[in-house]
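Only the coordinates and a few stated rules stand behind these numbers; no lab work does. Given the structure is predicted, the values throughout are model-derived calculations rather than measurements. Cβ placement follows ideal geometry from the backbone for every residue including glycine, while neighbour counts extend to all protein chains displayed.
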Amino acid sequence: MPNPIITMTSVNKWYGSYHALRNINFSVEPGERIVVCGPSGSGKSTMIRTLNRLEAHQEGTIVVDGIELHEKMKDVDLVRMDVGMVFQHFNLFPHMTVLQNLMAGPMWVRGASEKDARNTAMHYLEKVHIPEHKGKYPGQLSGGQQQRVAIARALCMQPKVMLFDEPTSALDPEMVSEVLDTMTELARDGMTMVCVTHEMGFAKAVADRVVFMDAGQIIEQAEPERFFASPKNERLKIFLGQILQH
Amino acid sequence: MLYVDTVVAERLVHRPRFIVAMVVVVSLALLTFNLNDTVFAEILRPIIGAPDQAGWFGRLSIAFILSILFMLNIVVIGFLQFKLQLLIVWSELLLLFLFFFYGFELDFDFIRTKFWFLVTQGVFTTLYVSMVSIVLASIVALFGAVAKLSSNGFAYAIASFYTSLFRGVPLLMQVYLIYLGLPQLGYVIDAVPAGILALVLCYGAYMTEIFRGGIQSVSKGQWEASRALGFKFGLTMRRIILPQAIPLIIPSTGNQFIAMLKDSSLVSVIGVWELMFLARTAGSKDFRHMEMLITAALIYWALSIILELIQSRIERHYRTQSH
Ligand SMILES: Nc1ncnc2c1ncn2[C@@H]1O[C@H](COP(=O)(O)OP(=O)(O)O)[C@@H](O)[C@H]1O
Ligand SMILES: [Mg+2]
């Protein structure tokens, strides 16, 4: 049994007096594909953002790739380099071309040469099927294209795990599938992924485990067949009822 | 540009009622002056007879004819394209403005003899002082802005004290305090560095707020994406945040530069040989104050116009670059 790449043990987090994460115990094995779902405000983003310490937790331990995340850690960037993140609103750098967006990480952080960075960037642009847009600025691309560039940007750092926070929620409906297809291909390549998403089709197709959160807690987690066929928790049943209706 | 409506209303200046009303108003306004002893009366001699005997009939006729000409001018301009309107209205206002100076009976020969001296000596120092100051003030402002945005209480306290003090004390006093005060501490400072220091500290304080606003208006998502890639604070600031903040900062910074150009005249009080200082000294020797002050004023204005043009160039550059 390999060591988990992510372990959260008894994690608690507060925003001021608001208890946002309640006793979270959660781990991810290398190569695992996890889908996290739950109602809005249940703490999904908060949880995923503690994994690269965009958010701080106050209690419990989080270990990512053998490094514990805590307030006094020396080099949080060592962890962040190995943890790719894709945001709901893409957050591409608007003043840089697609290629520059992709090359920045490897060159500025990993110390890659310009030539190597360019090769890596083109490799991943081809993987997300938009090499022809390399010279454009983010503002000239559609939402779906921007999100695929954002995925490629994270991949250029050759991360050990990828975090997705509702990557399709800000997209027009006809663009959702191109991003999901990219994510599915990534999963098939064996990437370790933690995805917050409400795309249950994606969950059924690629997830090894689906996690349901509510009110800051992990209520239930199971492999997709069991998760969808025989949910135990009442709130999960209601949630699935709402989300699968459509 | 403001939002331009796609339905064009009839131009105000082409509405008969407006034209008539304006003719009346302008005529009444002109009636308050005695125009019978001006050149207009001479020109209208065929109609009103000898100006000194024309009386109210003369005044009324002149006022009426002038106001008709005035409105005619406005109506005609109303028909023109934007650019032509701009050109004509600017020229007319400028002519009026110069006409106002013309009334001072200035000694133009005197101006001519001193003009190049003012330009070569004064303008050079003024530009040099302002440019060095704006560059240094920008650097101060950058640090000030970062400090004001930081969660470090020490940095925030220093920065907010600094901006509060230097925005709150008149620049003229800062100039004096630095020039006269520093030597008290045993540090003798020349007039030019003292002037530059005062301008840097004062404008650095104003620009701190401008920079802070610019940095703050870059979305939080940009910080998150950058930090999530493993970029450290300094790298994020330099390569991700500032390049996006600078286009937002430039219009106000240009404003500050123009303001500084004129405020640099305050350092003349400690004997820096800039434009204002030379204008005052050159004029006072020959009791020709007005000539030199007006010349200096026009030179300041010309410099500001050049800066305005440069500023709009830069703004256009950033507008076309961002998509
Ligand atoms: N920066 C913050 N400050 C205070 N409260 C926050 C902050 N971010 C999130 N919250 C609160 O924490 C809860 C969980 O938020 P979030 O993790 O974004 O939920 P989800 O992603 O599941 O919709 C919400 O109630 C939200 O209002
Ligand atoms: Mg969320």
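Could you list A:29, A:178, A:166, A:71 in order of exposure, starting from the residue whose Cβ has the fewest other Cβ atoms within 10 Å?
The order, fewest Cβ neighbours first, is A:71, A:29, A:178, A:166.
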Calculated from DSSP H runs of 4 or more alone, at -39500 (n - 2.57) each and per residue, what is the 222 nm mean residue ellipticity of chain A, nearest 500?
-11000 deg cm²/dmol
Choose one answer from B:158, B:47, B:249: the residue with the largest mean-square fluctuation in a GNM of chain B with alpha-carbon springs under 10 Å.
B:47
For chain A, what relative contact order do you get, as a whole percent, if you take Cα pairs closer than 8 Å and at least 6 residues apart?
26
Cα centroid separation - the stretch B:116-153 against the stretch B:165-210, whole Å
12
Separation in nanometres of the label points that stand 7 Å from Cα toward Cβ, at residue A:129 and residue A:67:
3.5
Looking only at the stretch A:117-246, where both bridge partners belong to it, what percent of the DSSP beta bridges are antiparallel (to the nearest 5)?
50
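Mean Kyte-Doolittle of at least -1.0 plus a Cα span of 24 Å or more along the axis: flag which DSSP H helices in chain B meet both, please.
Details: long enough: B:55-78 (35 Å, 1.94); B:82-102 (30 Å, 1.87); B:124-149 (37 Å, 1.94); B:191-216 (37 Å, 1.14); B:242-263 (29 Å, 0.60); B:289-321 (48 Å, 0.34).
Sorted by number, the helices that extend far enough and score high enough are B:55-78, B:82-102, B:124-149, B:191-216, B:242-263, B:289-321.
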With the cut-off at 1.5 for a/c, could you classify the stretch B:108-322 from its C-alpha gyration tensor as rounded, prolate or oblate?
oblate
Put +1 on the Cβ of every Lys and Arg and -1 on every Asp and Glu Cβ in chain B; which of B:2, B:67, B:221 then has its Cα farthest towards the positive end of the dipole?
B:221
How large is the charge dipole for chain A, taken about the Cα centre, if only the Cβ atoms of Lys, Arg (+1) and Asp, Glu (-1) carry charge, to the nearest 20 debye?
280
Given Cα pairs under 8 Å that are at least 6 residues apart, what percent is the relative contact order of the stretch A:1-103?
26
Charges only on Cβ, +1 for Lys and Arg, -1 for Asp and Glu: so what's the dipole of the stretch B:9-100 about the Cα centre, in debye to the nearest 20?
340
Fewest to most Cβ atoms within 10 Å: B:320, B:6 sort as B:6, B:320
Express the relative contact order of chain B as a whole percentage, based on alpha carbon pairs under 8 Å and six or more residues apart in sequence.
18
Can you classify the stretch B:12-91 as rounded, prolate or oblate using the Cα gyration tensor, where a ≥ b ≥ c are the square roots of its eigenvalues, rounded means a/c under 1.5, and otherwise it's prolate if a/b beats b/c and oblate if not?
prolate
Using only helices, what value at 222 nm comes out for chain B when you add -39,500 (n - 2.57) per DSSP H run of length 4 or more and divide by the total residues, to the nearest 500 deg cm²/dmol?
-24500 deg cm²/dmol
If you filter the stretch B:42-105 for GluC sites (Glu not before Pro), then keep DSSP loop positions with at most 13 other Cβ within 10 Å, what is left?
B:105
Measure out, as a whole number of angstrom, how far apart the alpha-carbon centroids of the stretch B:272-286 and the stretch B:1-76 sit.
42
Under the rule a/c < 1.5 gives rounded, and otherwise a/b versus b/c splits prolate from oblate, where does the stretch B:60-154 land using the Cα gyration tensor?
oblate
Listing B:32, B:295, A:120 by rising number of other beta-carbon atoms within 10 angstrom, fewest first, gives B:32, A:120, B:295
Which listed residue (B:163, B:196, B:182) has the Cα farthest towards the positive end of the charge dipole for the stretch B:108-322, taking +1 on Lys and Arg C-beta and -1 on Asp and Glu C-beta about the Cα centre?
B:163
Expressed in angstrom and rounded, the centroid-to-centroid distance over alpha carbons for the stretch A:100-125 and the stretch A:154-221 is 24
Taking the Cα centre of the protein assembly as shown as origin and charging only Cβ (+1 Lys, Arg; -1 Asp, Glu), how large is the dipole, in debye to the nearest 20?
240
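In peptide B:230-239, what is the residue-averaged number of other protein chain Cβ atoms found within 10 Å of each Cβ?
Values: counts 16, 7, 6, 0, 0, 4, 1, 0, 1, 6.
Across B:230-239, the average partner-chain Cβ count within 10 Å equals 4.
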Report the one residue of A:120, A:97, A:50 whose Cα lies farthest in the direction of the positive end of the charge dipole of the protein assembly as shown (charges on C-beta: Lys and Arg +1, Asp and Glu -1; origin at the Cα centre).
A:50
For the protein assembly as shown, percent of DSSP beta bridges that are antiparallel (nearest 5) comes out at 55
